[in-house]
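Some notes on the structure that comes next.
Just so it is clear, none of the values below were taken in a lab; they were calculated from the coordinates. Model, not experiment: these values are computed from the prediction. Glycine also receives a Cβ, built like all others from the backbone with ideal geometry; neighbour counts cover every protein chain displayed.
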Amino acid sequence: MQHWLSLMASSFPFLLRGALVFTVPLTLLSFTFGLLLGFGIALVRLFGGRLSIAAARFYVWMLRGTPLLVQLFIIFYGLPSVGIVLDAFPAALIGFTLNVGAYTSEIIRAVIASVPKGQWEAAYSIGMSWGQAMRRTILPQAARVAVPPLSNTFISLVKDTSLAAAVTLPELFRAAQRIVATSYEPMILYVEAALIYLALSSVLSILQVRLEHRLGRSGGFLEAKS
Amino acid sequence: MIKLTNIEKRFGALVALKGVSAVIAEGTVTALIGPSGGGKSTMLRSINLLEIPTSGELTIGEETIVFQSGVKVDGKAVRRLRRQTGMVFQNFQLFPHQTALANVMEGLTTVLKWPADKARARALALLEKVGLAHKAEAWPATLSGGQQQRVAIARALAPSPRVLLCDEPTSALDPELSGEVVDVLAQLAREGTTMVMATHDLRLASKIADRVIFLEAGMIVETGTAREIFTTPRHERTRRFISTLTQRDEVGVDGGDAS
């Protein structure tokens, strides 16, 4: 027991470093870029022409239909054979961004479509352009509905970044693997890593509750609609 | 002046308006009545171009747009014309994520780019006018239907439109709540606000309309003063329709309809 605790204490700075230098930035950046990508794809799916809609659907189909780990391997190990060599971090960032984009585009498409048509008409009736209606009227309402499903994606992403260990990124999980390789204490190190992931997702869950509370301050939306 | 010339609106194979022409003078209140599906909502929505007519010509003030089948209308021209109108919807359609005050300010700050304090002053004055100054900071979800509709009227009036369009403004309200909305609209009519309203509410139409247009099957059957249409209609069809409305009112059935 004593031994376990001291191993945890001595390994913790290394794991924390992996989390703070790689896991957290990778999560934040790929979620941000993925969200932007997802928003773009959602707009194409909702308002695009027939060809661009088909292209967007193809993209979502490919990215959702293949394993994330395989996608990361293609980007990091596969692309060099066609002359594109990427470091581990950019390779992982691209992989996760593309993946998050595919999943969030479906969420964003659904929440934008869930805002009643009458809200568009009300916005148009006071003279708004399409862009003004989108920004001022539709998105704020869609955002509120989007928080729980997007939080799901975000929390999954934090945990999925452990896959980046397989493409040599020295993030939290890989840091644990390396210490296991010299200490031969897999149980203690992997449990420790799991606890740090748990702490990170807990922070996100708390942020989700706060955000929902903030966006929910106007009271029941549905009641106001009819 | 608002002028519709030979406005036709098709939805696929369905012809919702079959060449409707009308002139609406400034300062008058016009009620569009008729059976559901008769085209009154479509005619109203053609005036602020929520429905783009398939063909015909629409003039509001100095702006005119000619519509031709297969020719796409310029979005800027649509917005220029639309900005001279305000609209009140059957289901209010307040922005649920904004307070009553913010709803009324929205058109002024976002569309007309007014500074916030100027917009706030105008919005408060309008809420005062519809009797809801004390609800300025309330969320739409906490207001009664009648209150929501009064806020919606203030929102529509904020950019000083040339005409206020009302699409069944009292149909989603019970008689008591619709009374407060009728009172506000009657007040506006007395002040000379130009209004066009599609309605089933005989009380509303007879109380405030100067002119009545009776539409059926996408065509104008009869036009006249409110008194003429309600008491001495020329057409048998109009007479029958008016009598069904009066009967409904006598037995106390609300004339609500989602058309």
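In order along the range A:131-143, phi translates into HN-Hα couplings of x, 5, 4, 4, 6, 8, 10, 7, 4, x, 6, 5, 4 Hz, rounded to whole numbers, per the Karplus curve 6.51 cos²θ - 1.76 cosθ + 1.60 with θ = phi - 60° and x for Gly and Pro.
Roughly what % of DSSP beta bridges within the protein assembly as shown run antiparallel, to the nearest 5? Each step should come with its number before you reach the end.
Numbers: 24 of 40 bridges.
Expressed as a percentage, antiparallel bridges in the protein assembly as shown total about 60.
Taking the helices alone, chain A has a mean residue ellipticity at 222 nm of -25000 deg cm²/dmol, built from -39,500 (n - 2.57) per DSSP H run of at least 4 residues and averaged over all its residues.
Dipole size of the protein assembly as shown about its Cα centre, with +1 on Lys/Arg Cβ and -1 on Asp/Glu Cβ: approximately 820 debye, rounded to the nearest 20. Each Lys or Arg adds one and each Asp or Glu takes one away; over the other residues whose Cβ falls under 13 Å from the Cβ of A:LEU150, this sums to 0. Of the residues A:ILE107, A:ILE126, A:ILE179, the one that moves most in a GNM of chain A with alpha-carbon contacts below 10 Å is A:ILE126.
How about the range B:72-163: which GluC sites (Glu not before Pro) there lie in a loop by DSSP and see at most 11 other Cβ atoms within 10 Å? Those that pass, being in a loop and sparsely packed, are B:GLU137.
Scanning residues 5 or more positions from B:TRP114 or on other chains, those with amide H under 5 Å from its amide H are B:THR109, with H placed 1.01 Å from N in the peptide plane. Taking the C-alpha atoms only, the angle from helix A:2-18 to the longest principal axis of chain A is near 50 degrees. Remark on B:GLY218: its backbone amide H falls under 5 Å from those of B:GLY39, a criterion applied only to residues 5 or more positions apart or on other chains, H modelled at 1.01 Å from N.
The translational diffusion coefficient of the protein assembly as shown, from Stokes-Einstein at 10 °C and 1.306 mPa s with a Kirkwood hydrodynamic radius over alpha carbon pairs, comes to 61 µm²/s. Mean sequence separation of contacting Cα pairs (under 8 Å, at least six apart), scaled by the length of the range B:40-118, corresponds to a relative contact order of 18 percent. A simple rule links phi to the HN-Hα coupling: the Karplus curve 6.51 cos²θ - 1.76 cosθ + 1.60 with θ = phi - 60°, which for the range A:187-197 gives 4, 5, 5, 6, 5, 4, 4, 4, 5, 5, 4 Hz, with x for Gly and Pro. 3J(HN,Hα) along the range B:228-240: 4, 5, 7, 10, 10, x, 7, 9, 4, 4, 5, 4, 4 Hz, from the Karplus curve 6.51 cos²θ - 1.76 cosθ + 1.60 with θ = phi - 60°, whole Hz, x for Gly and Pro. Placing unit charges on the Cβ atoms of the charged side chains and taking the dipole of chain A about its Cα centre, the candidate lying farthest along the positive direction among A:TRP120, A:VAL147, A:ILE94 is A:TRP120. Around the amide H of B:ILE213, modelled in the peptide plane, lie the amide H atoms of B:ALA31, B:LEU32, B:ILE33, all under 5 Å away and 5 or more residues distant in sequence or on another chain.
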